[in-house]
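Okay, so here's the structure we're looking at.
Just so it is clear, none of the values below were taken in a lab; they were calculated from the coordinates. Values in this document were obtained by computation on a predicted structure and should not be read as measured data. Note that each Cβ is placed from the backbone with ideal geometry, even for glycine, and that neighbours are counted across all protein chains shown.
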């Protein structure tokens, strides 16, 4: 009887270990053609824990930077992107900027404009320096077109309120000092106040 139990345990371990996770991707095979010709790819992962697929403008999930930002009570929850807006200025004369910083007692929303390739989507991350500067990071990727655009990116955070957390003093985009915006601390204590 004991041998049967040991054999059953070994078999259940092997079966559990051999389980895989499968993802099916359906996409247009030839994006340059006017007609749609779908193809399907199958991706097999060793486990559900290894299923990491990023698509479009999204957050790079669970980076070391984001884990460190939790020491400031910041949880990077979502990023939103606006469509490409043609810019009337030449690309060389503009730079990224923080438009607004909005606090409530439980959220922080930062609206910014970025200038990059018209066909890009963005992989977004954050970091916080020892000086308390929140760095909004984005990496453009995808198809490279012969134009540049102004995009809107909105970074959404959930805030954990506690006296233990360090204070964010400013926001910057991709470590560019021209984009630095100081945070008015009165904004956090007054819900629904726009900090411009």
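Computed from label points 7 Å out along Cα-Cβ, the spacing between residue 83 and residue 169 is 4.2 nm.
Extension gain for residue 107 to residue 182 (0.36 nm times residue separation, less C-alpha to C-alpha distance): 25.2 nm. For the stretch 58-195, taking the reciprocal of the average inverse distance between every pair of different Cα atoms yields a Kirkwood hydrodynamic radius of 15.5 Å.
Here the spin labels are modelled as points 7 Å beyond Cα on the Cα-Cβ line, and at residue 143 and residue 97 they lie 3.0 nm apart.
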